[in-house]
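Participant: Before I ask anything, here is the structure I am working with.
The values are calculated or read from the model by the stated rules, or taken from the named source; none is laboratory data. Values in this document were obtained by computation on a predicted structure and should not be read as measured data. All Cβ positions, glycine included, derive from the backbone under ideal geometry; neighbour counts span all protein chains shown. Surface accessibility is based on the protein's heavy atoms, side chains included, excluding ligands, DNA and RNA. Shrake-Rupley method; radii C 1.70, N 1.55, O 1.52, S 1.80 Å.
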Amino acid sequence: MIVVMNPRSSRDHVDQVVQLLDDMGVNSHVIPGDTRSVVELLEVSRRFDRARLELAPMVDQVLDKPAPLLAADRAAGSADTGTREVPLGPRAVIGGRKLGIIAGPCSVENEARLLETATAVADCGAAALRGGVFKPRTSPYSFQGLEESGLEMLAKAREKTGLAIVTEVMCCLHVERVGPYADVLQVGSRNMHCTPLLKTVGEQEKPVLLKRGWSATLDEYLLAAEYIINAGNPNVILCERGIRAHEDYVRNTLALAVVPEVKRISSLPIVVDPSHGTGRAHLVPPMSKAAIACGADGLLIEVHPNPEQAWSDGSQTLNLDQFRELMTNLKPLAETCGREL
Ligand code: PEP
Ligand code: MN
């Protein structure tokens, strides 16, 4: 059981709670936090009276299970919105009024195609170019990514367009290799549970785009973010990319209710990936609109000049015209929702 103190509580209030617990024969220990402290009960005696504890000054909540959020608590966000603004490269942030659009191919394939895509998405107002060079593929016989040569292409695209670069790291060894080329390190759905990787990306300075594991509960997802923050990196961007359910007309089921729930309880910005979240290009525009309507801070969208010929995930990828049309249509919606595109 834990006692969550009010963010305005002082050390005296915390000491009073510890004393009250002591009077009830309960040992406890204090976990100080940046924004609020938590008192953990080590065992509960017969003299324990929960109601008295709940009524103690500056006690916000008494919870039966450990609170998932200490580092990413809503109180850690900006005073205006409760959301932390995370840099998306040197020129943009995600989590403020302006929506952050991350667009580009599933995999980096060659320089010409990447530059064509980068130029087009930049013209449409995207802030970042995505593109995998280490690809987590289900089959070992599928294209695995261009690795270093793909990183060089991403660097050229950044130079030409000014877009921030978002690319995936699949293991701790990739972090150092990708560091000089990427502005944001992506941890994919398959690796959300890989705690050594979470700690490693937490020990470096680049922001981290953490995709939700397709079978992870919201608590498990937010605890994965806590690993990164506790290792020293507060710049985590969440990404809802769909979960596995029984439906088979979509690749994944896009769990959009997570967006307002994350906003309610945490300070982290969250983007939505309707490409992996549906697996079908025609569902990407409507689900992008739904994502913005329910409060997402941005979108991650797969875009390719010729999706039919893409080396991975072509069926969920928009072509350049479709992306342009989507961005045009999203503008008035963003304004209606108090955001800017
Ligand atoms: C991706 O964004 O390239 C990707 C592999 O997505 P996910 O980890 O969500 O499957
Ligand atoms: Mn993909």
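Participant: Scan the range 293-314 and tell me whether some residue there is open to solvent by 40 Å² or more (accessible area, probe 1.4 Å), more than 16 Å from ligand 2 (Cβ to nearest atom) and assigned to a helix (DSSP H, G or I).
Facilitator: Yes: one or more hits.
Participant: Does A75 satisfy the condition of being at pLDDT 95 or above, of a type outside the set (S, T, Y) and part of a helix (DSSP H, G or I)?
Facilitator: no
Participant: Would you be able to say whether some residue in the range 270-286 is more than 24 Å from A118 (Cα to Cα) and in contact with a helix residue (DSSP H, G or I) (Cβ under 8 Å, 6 or more places away or on another chain)?
Facilitator: no
Participant: Further, regarding this structure: Out of the residues in the range 55-93 that are away from ligand 1 (no atom under 16 Å from the Cβ) and closer than 30 Å to L146 by Cα, which is least open to solvent (accessible area, probe 1.4 Å)?
Facilitator: V86
Participant: Let me ask you something else. Any residue that is over 14 Å from the mean Cα position of the chain (by Cα) and either more than 24 Å from K98 (Cβ to Cβ) or among the small types (G, A, S) (or both) - is there at least one of those in the range 259-274?
Facilitator: No, because not a single residue in the range 259-274 is over 14 Å from the mean Cα position of the chain (by Cα) and either more than 24 Å from K98 (Cβ to Cβ) or among the small types (G, A, S) (or both).
Participant: Which of the residues spanning the range 122-136 are buried (at least 24 other Cβ atoms within 10 Å of the Cβ) and under 16 Å from M153 (Cα atoms)?
Facilitator: A128, L129, R130, G131, G132, V133
Participant: Identify the single condition in (1) away from ligand 1 (no atom under 16 Å from the Cβ); (2) more than 21 Å from V262 (Cβ to Cβ); (3) under 16 Å from the mean Cα position of the chain (by Cα) that T217 does not satisfy, given that it satisfies every other one.
Facilitator: Only one criterion in (1) away from ligand 1 (no atom under 16 Å from the Cβ); (2) more than 21 Å from V262 (Cβ to Cβ); (3) under 16 Å from the mean Cα position of the chain (by Cα) is unmet by T217, namely (2).
Participant: Kindly provide the set of residues from the range 235-284 that are open to solvent by less than 50 Å² (accessible area, probe 1.4 Å), part of a loop (DSSP other than H, G, I, E, B) and modelled with pLDDT under 95, ordered by number.
Facilitator: Residue satisfying the conditions is S267 alone.
Participant: Further question: Evaluate the range 99-106: report whether one residue or more is under 29 Å from N230 (Cβ atoms) and in a loop (DSSP other than H, G, I, E, B).
Facilitator: Yes: one or more hits.
Participant: Hey, could you check the range 263-285 for residues that are within 16 Å of ligand 2 (Cβ to nearest atom) and of a type in the set (V, I, T) and say which is farthest from N319 (Cα to Cα)?
Facilitator: V271
Okay, residues lined up against (1) of a type in the set (S, T, Y); (2) more than 29 Å from A157 (Cα to Cα); (3) not assigned by TED's automatic domain parsing to the domain that holds G132:
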{"site": "L173", "(1), (2), (3)": "no, no, no"}
{"site": "P196", "(1), (2), (3)": "no, yes, no"}
{"site": "L210", "(1), (2), (3)": "no, no, no"}
{"site": "I228", "(1), (2), (3)": "no, no, no"}
{"site": "N235", "(1), (2), (3)": "no, no, no"}
{"site": "S267", "(1), (2), (3)": "yes, yes, no"}
{"site": "S275", "(1), (2), (3)": "yes, no, no"}
{"site": "A281", "(1), (2), (3)": "no, no, no"}
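Yes or no, residue by residue, for (1) farther than 27 Å from D123 by Cα; (2) within 16 Å of ligand 2 (Cβ to nearest atom):
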residue: M170; (1), (2): yes, yes
residue: H174; (1), (2): yes, no
residue: G179; (1), (2): no, no
residue: S189; (1), (2): yes, yes
residue: M192; (1), (2): yes, yes
residue: L198; (1), (2): yes, no
residue: V201; (1), (2): yes, no
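Participant: Of all residues in the range 183-197, which are within 14 Å of ligand 1 (Cβ to nearest atom) and open to solvent by less than 50 Å² (accessible area, probe 1.4 Å)?
Facilitator: V184, L185, Q186, V187, G188, S189, N191, M192, C194, L197 - these are the residues of the range 183-197 that are within 14 Å of ligand 1 (Cβ to nearest atom) and open to solvent by less than 50 Å² (accessible area, probe 1.4 Å).
Participant: Just a yes or no: is a residue in the range 156-175 among the basic types (K, R), farther than 22 Å from T117 by Cβ and open to solvent by 60 Å² or more (accessible area, probe 1.4 Å)?
Facilitator: no
Participant: Could you check F48 against (1) surrounded by fewer than 16 Cβ atoms within 10 Å (Cβ to Cβ); (2) at pLDDT 95 or above and say which number it fails?
Facilitator: Exception for F48: condition (2).
Participant: If you scan the range 49-66, which residues turn out to be touching a Leu at 6+ places or on another chain (Cβ under 8 Å) and farther than 15 Å from R8 by Cβ?
Facilitator: Once the filter is applied, which keeps residues that are touching a Leu at 6+ places or on another chain (Cβ under 8 Å) and farther than 15 Å from R8 by Cβ, the range 49-66 yields R52, L53, V62.
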